[in-house]
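A short worksheet on the structure shown next.
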Amino acid sequence: MSEASAETINMVILLIAIAIFIGLVDFSLRLALRRFFNQFAARTKTHFDDYLVKNKVPRNLAHIIPLFLAFKVSPIVFSDFKPYANYTDIALQVLGVILTLAIVRGLLTTLEDYFKTLPKLKDKPINSYIQVFTIFAWIVGVLSIFAILTGISFGKFVTGLGAASAVILLIFRDTILGFVASIQVSINDMVHIGDWITFEKYGADGDVIEINLASVKVQNFDKTITTIPTYALISDSFKNWRGMMNSDGRRIKRSVMIAQDSVHFLSAEEIEKLKQIQIIKAYLEKRQSDIDRFNEKHAADKTLAVNGRNMTNLGVFRKYLDSYLRQHSAINKDMTIMVRQLAPTPQGLPMEIYAFSSDKRWEQYEHIMADIFDHIVAAVPYFNLELFEYPTENFQVNQSNS
């Protein structure tokens, strides 16, 4: 056998033997570490070690010693083939970087899963921060691999990229903006996971289900998902309903339009008839007494209703609505309750209800508001008032017949 053949056979035999040995070591270490971590996780109360096992951190750690052994024995295996030894060394260094990235990624994912279980951090944009560290680790890893492959030191390789910094900033523009936005959103406490937000520009109206480095996911009430760039939260205007959800009530702010030609002074007969409405009977009696004394004192000529002081059907109706709301079981009595007149419009005189429902759930809130306005619409005729509405076809037919 020639010397070259003997050296080749020697290298192959050593390579096979070392590969088998390193494979056995790797298998044994993975089995031992997995068993150790599983037993350790079962004994502890914290879930952190459970997430370590879930994200394969022990399995990746088990590869460190076999890789270290491969570094040590590769010069022996390829002692007669120096070029192969150099290529193997480069390949093992690249594998070392990839293994490091896998371990770092597993640790970061474990931290993300664990932090999400903590009550104080459950509504924070943890994804954004984890993604920043992940991107940084991958950048360092990729640069390290390029430095290994090119034979340039890592420092010189990074310095050489300084000239391309503008291109790098352009490539990672959205990532940088998202990172800055995530920090500002967190520091200023603008949005939490679970908040109900309305973002008209992007058609979003629902609950925030995820905040990460690049985007914010909102599940709309029709179960669709809207994705919003994270930096849009600080560059554009949106509405966060958290203040309402944390308050003691949900606002009701809606108007009914009163036909202005139905507003008039009340006659004595009308006042007596309205006294049959129980919740305003005491008010009418006291009010009428005050008005009579005033008119008598100032000798008001009541042959014309406009002289002196008078009650109007609209004013009594406004008082009725206020009393009705204050007695309604679904209205929060500790918050603002107000019935007000707005400026007249071509469609009538707006009578606005401003109050807060005790139940903030959307479905119940709509039921409460509908119940209130059902009653208001039905009560209007009792005060000889009319609601404004555009003439319908039946109205026009009746007018022509008359």
- Given the residues G178, G151, G203, which is the only one that is surrounded by 11 or more Cβ atoms within 10 Å (Cβ to Cβ) and either of a type in the set (A, V, I, L, M) or at pLDDT below 75 (or both)? G178
- Query: Do the conditions hold for I22, that is, is it over 40 Å from the mean Cα position of the chain (by Cα), free of Cβ contacts under 8 Å to residues at least 40 places away in the same chain and either in the same structural domain as L99 (by TED's automatic domain parsing) or buried (at least 18 other Cβ atoms within 10 Å of the Cβ) (or both)?
  - Reply: no
- Task: With respect to R340, determine if the residue is touching a residue at least 12 places away in the same chain (Cβ under 8 Å), more than 26 Å from E269 (Cα to Cα) and either exposed (fewer than 12 other Cβ atoms within 10 Å of the Cβ) or not aliphatic (A, V, I, L, M) (or both).
- Result: yes
- Query: Do any residues in the range 317-331 that are without any contact (Cβ under 8 Å) to a residue 40 or more places away in the chain have Cβ atoms under 8 Å from those of residues that are part of a helix (DSSP H, G or I) and among the hydroxyl-bearing types (S, T, Y), where the two are at least six apart or on different chains, and which pairs are they?
  - Reply: K319/Y283
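Conditions tested, residue by residue: (1) part of a loop (DSSP other than H, G, I, E, B); (2) charged (D, E, K, R); (3) under 15 Å from I252 (Cβ atoms).
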| site | (1), (2), (3) |
| --- | --- |
| K319 | no, yes, no |
| K333 | yes, yes, yes |
| A343 | yes, no, no |
| E366 | no, yes, yes |
- Note on the structure: Of the candidates F221, F265, the one satisfying the condition of being more than 30 Å from N332 (Cβ to Cβ) and either surrounded by 14 or more Cβ atoms within 10 Å (Cβ to Cβ) or among the hydrophobic types (A, V, I, L, M, F, W, C) (or both) is F265
- Message: When you check L99 against the structure, is it touching a residue at least 24 places away in the same chain (Cβ under 8 Å), closer than 30 Å to S153 by Cβ, touching a His at 6+ places or on another chain (Cβ under 6 Å) and surrounded by 15 or more Cβ atoms within 10 Å (Cβ to Cβ), yes or no?
- Response: yes
- Note on the structure: For the range 375-388, pairs from a residue that is among the hydroxyl-bearing types (S, T, Y) to a residue that is in a helix (DSSP H, G or I), with Cβ under 8 Å and 6 or more apart or across chains, are Y382/L274
- Which residues, taken from the range 20-51, are over 20 Å from A70 (Cα atoms) and among the charged types (D, E, K, R)? R34, R35, R43, K45, D49, D50
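Given N384, N295, which one is assigned by TED's automatic domain parsing to the domain that holds R254 and closer than 25 Å to F265 by Cβ? Talk me through it step by step, then tell me what you get.
Numbers: N295 fails: assigned by TED's automatic domain parsing to the domain that holds R254.
Of the residues listed, the single one that is assigned by TED's automatic domain parsing to the domain that holds R254 and closer than 25 Å to F265 by Cβ is N384.
The values are calculated or read from the model by the stated rules, or taken from the named source; none is laboratory data. It should be emphasised that the depicted structure is a prediction, and the values quoted were computed from it without experimental measurement. As a convention, Cβ positions derive from the backbone with ideal geometry for all residues, glycine included, and neighbour counts pool all protein chains shown.
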